Each structure stands twice: as structure tokens, then as C-alpha cells.
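Reading through the C-alpha cells given below for one structure.
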Amino acid sequence: MAPVKFLPKVEIDSNSQFNPNQLTPKGYMKINKAQLFGAMLCLSGHAIGQTVYQDTYDEDGLTTNLGIGGGGVAETFNNASGSFAWNDDDDDDEGLSTGTAGSGAQITTFRTENSFNVSNGFTLEVTFDMESNVDGPGTGVPFPSNHFSFGLVSDAMDGENALFDKNTYVPTTDAIGFSLGTRGVNTDEGVVEWDADGGDMQGLFSYLAPIDFATGSGQTITLEVASDGSFTYTYGTITGSGTTNIDLTQTYFFKARTQGSVGNVIQSVTLSTNSTQFAAPTISTSASVYDLAVPVDFNIVFDPSATTATLSTPTDPSVDLLPLDTDNDGVVVFSEAPPVGISTYEVTASRAGIPAPLSESTEVTVIDPAEEAADNAFSLAIKDDSPLFYYRFEEEAGTTFIRDSSGNAYHTNDFSGNITFGTSPAPGGMQNAADFSPSSGVRYIKVPATSEMSSSFSFVSVLNVSGVVPNANTRNLLSMTSGTGSGATVFGKHEQFRTFIDGAVDNLTDTEALPSDASCLVHFVFTADEINGGGEVAVYINGALYGSPVTVGAVGANVGNWVIGATQILGDPCWLDWIDETAVFEAALTDVQIEAHATAFFAAADPLLGFNADLTEVGTGDPVTLTWKISDLATAVTINGVAQDISSGGGVYTTTFNPTVSTSYEIIVSGPDGPFTKTIDVTVTAPAVAPTITSITTDGVSPDPQVTIEIQGTPNSSFDLMFSPDMVTEWEKLDTISTDETGYGTKTFAGLGASEFYRVEVP
């Protein structure tokens, strides 16, 4: 630091904010204690100014910051989760750190929630650890894509996994900072920049100065950039200078990135500038989907020093917010009932001396309650028991929202784009349903409703259930999240249906509890209740208790949002089949209520609800049992033209056939909007027939005669052709003979020209 040539008398005022251009009437400079060192540097010619962002990542959480300048936002890419995501900022000894990546492709990023005005220059100081930036986990073999970088970026870049990536990403933003590690051949080590509008270098990486970074803990690097773009940097005993081309009139976020690396940690970050800061406005609502004619409160916050603050609405492009700010605190609530459809509300604020007006927008969706599908017996039964939320999934394909029919207006547009709406290809349902069937990608519905998971509750759903789970993971039906990654997976299906409500795995059904071909629609209820400090859960299928209630351990408190179809972190493994009517009740339903719901389900559902066979391949004359399921709306049923007795009304029926040949069984169910049909193919296999040789012939040519053997055995089968020169020597397999549908087969081959013996065997 250069010598301090002049330092006026300093009066310490712990409540004031330092302003280097402001003196007290006595000629004293008032300065906050925490800014004293900054004042000395400013007076010595280094324009550090006030600290606008500072975080030591010490137990206050990623999204909050007990220091200065707000919290942060973390993102993961390429399956970088769990052990390789920026931690929860919950350990004073670790800082902002990750674990060991499972592959070189795994990436995690962090940025500040706020951006900062640095038009008059800035100083960025970062303290970091770097254990290794080249070695893979425990192998000593480099991940070629390893990389560690941090610096200031003029755009949030949410959803982008790049930062100072030279080859694979073309930036549209300005940035300056440090690249630590060579990242194979893609990135140089040292001071680097992105210049989004830099002539021939537009949108490209620029290498400003080399630095050989070392491994080690508690390392500090400092970058000072003046308003004209000139910069200096200090890393231990290494110093240097240069000029950057980035546009400092933009606002900048601090951002960090690590990829496939071991032990990269950011211990602290301090960003200082004497540029005037101006807070970006915010606008929010308590929900995102509303009923028509319901007033929506738009909660607006803007910088109190703003000289203009306007709101753009569907009916008025420029609502002046300043007259509404009667307390002059920048907090305004604007209320109106938006029109049907999706509306955008945008707040914009400005003030002299900031780079550009700042704005933020939000969208709300308004639906007309009069357009809800007409009630039926099932919907009325559900509503009579006052659910917390109730989704009927009657929305058309391409909808952007899901309607809540409970009357509590927990409509949502927070669901995965992979969920579609329409008529289930399997039989049954209540008009449309929600399709969770894509084989890859996260899909979920996050419900605005919150409640206490450890309390008594019931989950009711109408499901198309597959008996085959494609991998070892449970396909999740119901979870609860607090929004920060905590919570629990409540209920899902592996081979069996199971619950994790107490933090452990508790199986609830047998493997074959439900039809295995996804062709039956099932009314399903899961109940949970607190008992003596623990819990009791039960499963009901089509209104009847399945097995016995299961005792589980104590259930911890977790107030949060319900999630349908995914884990508590809105991740895979997700549900795979269709889901129809779904509701959650904040008390365990009684047996009487559940039976009443099932009765209403059979009364209201489509006439044909399912058709399957216990076997799809049988021997001649062996029995095959067909199971079929109908609602009360079915008026007649035939299977291959034979009328079936449906006098018992809606429910599950079985009938047995003894086919002698392969047969296609077609069920036809008459009823409203019918008839409905479904076909099951049953293959009949012929009984096994022991193989025999019916003839052996040769062409008589020596010394290598051609031998032809004809056999008879089980049709469409293969047998081993065995050879022995004298029937004493051990028999050896010579070839294979296959039979056709009549049971006959032949094989021609070169004989040995001497005495030889053959026989056929079952493999």
C-alpha cells in the first residue's frame, strides 16, 4: 500500500455509512468502524469504496447471508448432486465447498442473489482452498474436464453450466475473473474475461494474464479494476496488471463454478466499490394461479431512492407507484383482479446515476370456476369429506395449470413439462388423466398447499399401476418438501408399495398386489395416523383394507408442500404411469369413508376399467383365468361373444377358459360412450413329445457320404443330435435339429464313412 499522505481527523460513528465526499460541519470525516481500513486505502489512491457483498459462508445458509449483499443461488448439472453440490453453507470450517465428483462431467455453480453496480471500478477479494484440480476420485487419473473458476458476470446465467469456458460455450455476457486449472486444452490458467461485444473477440474468451495456481488452503487473490478498465491483481507474491474490455456500466453478479474436482472451496468473498448501489425492484404474489374475480395482491418493493417506479399491467402500461408509497419506504401493495388467462405484471424503477432502469416481472394465471367439469358421484364423495386439495386432471392437452377442485383454490402451474393430459390409453378413468409415463426426465406436481406431514392424513388416488418397476428405485407417488431440499418421500412403489414416512423403508403390499399389465384402473388409498409416539399406516385397494395396518416409527415434523409423482427434492425416480383423480386429506379417512369413496368410484368411472389374464401361455386344455373390471355404468359384457353375468354391478369379475389352440379373447363392454373393447392374446403350447428318429438315409457316396436324419418330436422345438462310433465310446453332440409346427425336422450332414451311430436328445 502506498504511504498515506493525508488523513484528516477521524471521528468514529458506528451508525453512519462512510462517504468519502462528505465531511461533518467540524471538518471531521465520519466513518463506520468497519470501513476505516477502506477509507485509508481510498485516501491512498486505491478506490475500494464500501463493501457491497461479503460472505464467509459460515452457517447462515446458501440463500441467506448474515454478512452484506444478500444470499446466493446454487445449481447442479450433469447429475452433480448430493456429494458434489455446493453444500448448505452450514459448517464454519468448510465454507462453500463440494465433495468428490463421481465423473469429470459433474458441475456445480453458485452466484449471488443480487447484482451490483461497479461502474466506478471495484475490488474483488476471494479466499479459497484448492486440494486438487486434476485428479479423479482416488484414482490419480486426471479428469480432463476438471475446472475451478470464479469472478464477476453481468448476467445471472441461470441454467447455464459454463464460466470462463473457452471452447464449448459462446457467452452473451461480460465477465472477468480467474480460471484455476487448465481444464484439459479448453481453458488457460490466470486472469480471464468474456467480452460479449468486443469486435473480433465478440462472445469469446480472452486470456488477460497467466497465473500458476498452487494447491493449498486459505489462499487469497485480489482483483482491482478501475473505471477505465485498467486492473491489477495480487496472488501471494505474484502481481500483475492489464486492461479489460468488459462494459462496467452493467451490473455484475459474483459467480463460481467447479467441475469434476476434488476439494475446491471458497472460504470468503468481499466485493467493494464506490459506485452508487441501487436495489433492483421485486414483485411477488402469494400464488400463481387464481380464480376469476379474486383480487390479487402484488407485493412490490423498490429502492426508496428511486425517482421513477412504474407498474405495467394488462390494462395500464404505466401505473405510477410513487404516489402509492405513502410511507416512502419503497413498499407497495397493488391489488386488482386480472382477466382470464396468463397476465404479466412488470415493475420498473430508476434513478439518476445508475447504469439503466431495473425491472422484474411475474406472471399470474386466472381460471374461470364455471369451466370446471360437472360433478359426478366420485367427485361429490371426495368433496363431502373436505380435502386439503383435489386434482381431477380434466385439463386439456397443453394446459399450463392444474385446477384444484377442493374449493381451497390450491391451483398450480408448478409441474414438470413432461406431464401431459389426455385420455389414458388403458381402460377406465373419469374423462382425462395426467400422464407420468415418460421413461426419462423429472416429472412432478408441486402443490401450493402445505400441512404437517407427521400428523394424521390420507392420500387418495385413482391409478393405472404397472407391476414391473424398470430399475431398483422406488417410483414415487407422494412426497413433501420444505423447499430447501429437506422433507421426505412419503409413499411409492418398488416391487411392493412402500412408505418412507418414518425415514425407513416399510413395505405395505405383496409384489403381486395389483394387476401386472397396467391395464386396470385402481382406487387406491394410503392412510397414516399417529399412535403412541409412532405411526400406523394402511393401504386400501378398491375400498377394502389390503392385509393389516403397518406400524412405523416416529414421524418427524415437516411442514411443507406436498409433491405428487417425485421425490422431496423434485427429482427422479418419478412415477411412471397415469394418475387420475387425486386428493389429500389432513386427517386419516375412516373405513366407512374409504368404502363410500370406492363405491362412488365404481358408480362414476368409465364402463370398462380393466382386462387381463393370469397366464398368457398355457398347455393344451389348461385353464386361463381372465379378470375384468367394470363400473356401475356397464350395461352388458361379452367375452368372445359369450355374455357374462354382471348382476352384481360394478367391481372385479373373473371367468375361466380352457383353450385348446392359441386364442385372442376380446371383451366388449356396453355403456355410455361405448362400446369399449380390449383384447388379450393367449398362446397354447402343444404337449411335449419325446423325440424319435423316423429315418436315416445316405447318398451312398464314399468316403464322405451325406447323411440325412429325420426326426419327430415336440413342435417348434430344438433337439441335440448325438454321435458315437460304436455306442460304447462316450456320445458327443454333433449338431442341433429343429422341428416345425407339425413336429417334424431333418438335418443333412457329412458322414464319417465308417460305422457310426446317432440318437436325439432333449437338451
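Just so it is clear, none of the values below were taken in a lab; they were calculated from the coordinates. What you are looking at is a predicted structure, and each value in this text was computed from that prediction instead of being measured. Because the Cβ atoms are built from the backbone with ideal geometry, glycine has one as well, and the counts that use them run over all protein chains shown.
So the values come out like this:
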item	result
Protection proxy ranking of 307-314, 677-684, 226-233 - average other beta-carbon atoms within 10 Å, highest first	307-314, 226-233, 677-684
Cα-based Rg of the range 282-367 normalised by 2.2 N^0.38 Å, two decimals	1.09
Nonlocal amide H pairs with Y390, under 5 Å, H built at 1.01 Å	S405, S406
Cα shape, the range 228-380, gyration tensor, a/c 1.5 rule	oblate
At 1.567 mPa s and 4 °C, Stokes diffusion of the range 582-737 via Kirkwood alpha-carbon radius, µm² per second	62
Zero-based 5 Å bins, Cα pair distances in the range 665-763, whole percents	3, 11, 18, 16, 12, 8, 6, 4, 4, 4, 4, 3, 3, 2, 1, 0
Using θ = phi - 60° and Karplus 6.51 cos²θ - 1.76 cosθ + 1.60, couplings along the range 75-80 (whole Hz; Gly, Pro as x)	9, 10, 9, 6, 6, 7
Likely footprinting exposure, S479, S647, S115, S318, fewest C-beta neighbours within 10 Å first	S647, S318, S115, S479
Cβ-based exposure ranking for Y744, Y758, in which fewest neighbours within 10 Å come first	Y744, Y758
Dipole in debye (nearest 20) - the range 298-365, about Cα centre, beta carbon charges: Lys, Arg +1; Asp, Glu -1	140
Whole-Hz ³J(HN,Hα) from phi, Karplus 6.51 cos²θ - 1.76 cosθ + 1.60, for the range 337-351, glycine and proline x	9, x, x, 4, x, 9, 10, 10, 10, 10, 9, 10, 9, 8, 6
Out-of-range pairs (alpha-carbon distance over 23 Å; input K446/K493; K383/K493; K446/K629)	K383/K493; K446/K629
Filtered GluC sites (Glu not before Pro), the range 665-763: DSSP coil and at most 12 other beta carbons within 10 Å	E730, E741
Positive-end residue, the range 282-367 charge dipole about Cα centroid, Cβ charges, pick of L292, T313, P357	P357
Partners for K733 among aspartates and glutamates (Cα-Cα distance below 12 Å; same-chain residues under 8 apart left out)	D720, E761
Student exercise, the range 218-335 dipole from Lys, Arg, Asp, Glu Cβ charges, in Debye to nearest 20	720
